[in-house]
1. Please arrange Met50, Met269 by how many other C-beta atoms lie within 10 Å of their C-beta, fewest to most.
2. Mind sorting His24, His118, His190, His156 by how few other Cβ atoms lie within 10 Å of their own Cβ, fewest first?
3. Which percentage, to the nearest 5, of the DSSP beta bridges contained in the stretch 1-96 is antiparallel?
4. Working from Cα positions, state the angle (0 to 90°, nearest 10) between the long axis of helix 14-24 and the longest principal axis of the chain.
5. Relative contact order for the chain using alpha-carbon pairs under 8 Å, separation at least 6, rounded to a whole percent?
6. Test of the criteria: in the stretch 110-197, which trypsin sites (Lys or Arg not before Pro) are in a DSSP loop and have at most 11 other Cβ atoms within 10 angstrom of their Cβ?
7. Quick check: the distance between the Cα centres of the stretch 47-97 and the stretch 114-154, to the nearest angstrom?
8. Rg and Dmax of the chain over Cα atoms: what are they, in angstrom?
Amino acid sequence: MKPAPFEYRDPRTVDEVIDVLAEHGEDSKILAGGQSLVPLLNFRLAQPAMLVDINRVEELSFLRCSAGVLTIGATCRQATLEQSIFAQARWPLLGEAVDLVAHSQIRNRGTVGGSAAHADPAAELPVALSCLDARFNIRSASGTRTVGADEFFSTHLTTVIEPDELLVSIEVDPPPAGAGYAFCEYSRRHGDFALGGAAVQLADGEVRIALLGASDTPLRATEAEQALAGQQIDAETAAEAGELAVREVEPTGDIHGSGEYRRRLTATMVKRALLLAADRDGREAA
Ligand code: FAD
């Protein structure tokens, strides 16, 4: 299949993008890396009247650390995050997550902002960003608003971004030094979307657990987080937390696995991620 006809714009500044979206937002789609959107266009599952290509907007293409906070510009490539020595050293959970995204050819084009905006519950970066309580800066003609990860992902493939809005950047606070972390997932083949997974961060008695592929959105396992807070993490408590985490979810089955299989897989991934994070807790990232 080939896409339905569309008009094409390639603005050079954020202001120009916002102007186009203010006029054509409802009928337009933003094109970032194209790794999710182009297949949707080719299958005619998306038929926007206009594509707004943001690849030439230089001010969106950055990755920087300022006052300890990591700020990821919307068109920062996934490969840039993967190859960033400072991001890998200071935000190793993000590094572990991005290494698991697809294949290098896709990470070379795919953007961090595009992955977040696409909001696939089986995507690694939204889950890691949810675990890290990331903030999303969104701009429109009315101004800029900042939304926390707990609000940003609304449902399957949907975020709070309105048609006239642009995701401009994502901010992530620094994890406490030596925080334990782990991103564990299971996929049938290397580079495939995972069938289930979990991201964990442990620091100063606080436990964060985010689930991949268990719900319509990346999901924080709040009951399990609270039960484990301040507890010693060992095989028994990690297994109990896995069971608690899946009490909160009802994953849907598909050709790759039944709902019950995915629940069991999620419990196992939570246990595995907790034990790995506990093993790393107190150690500086390699
Ligand atoms: P695009 O495809 O350009 O856009 C995606 C959506 O986000 C569109 O609706 C677009 O309008 C919107 N959008 C993009 N940027 C913005 C913005 N700044 N503001 C508002 N809206 C915006 N991903 C994984 O996480 N794990 C995988 O294992 C995985 N496997 C893949 C395997 C294959 C074969 C392919 C083709 C893709 C795979 N992906 C996987 C998806 C990949 O990570 C995509 O790069 C990502 O989902 C979308 O990023 P993008 O920059 O390509 O966005």
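1. Starting with the residue having the fewest Cβ neighbours, the order is Met50, Met269.
2. On the way: His24 17, His118 21, His190 8, His156 12.
With the sparsest Cβ surroundings first, the list reads His190, His156, His24, His118.
3. Of the beta bridges lying entirely in the stretch 1-96, close to 35 percent run antiparallel.
4. 70 degrees
5. This gives 16 percent for the chain.
6. Arg188, Arg189
7. 13 Å
8. Rg, Dmax (Cα atoms, Å): 18.9, 58.
Here, each number is a calculation from the coordinates, and none is a lab measurement. The structure presented is a predicted model; accordingly, all values stated were derived computationally and were not measured. For neighbour counting, all protein chains shown are included, and Cβ atoms are generated from backbone atoms with ideal geometry for every residue, glycine included.
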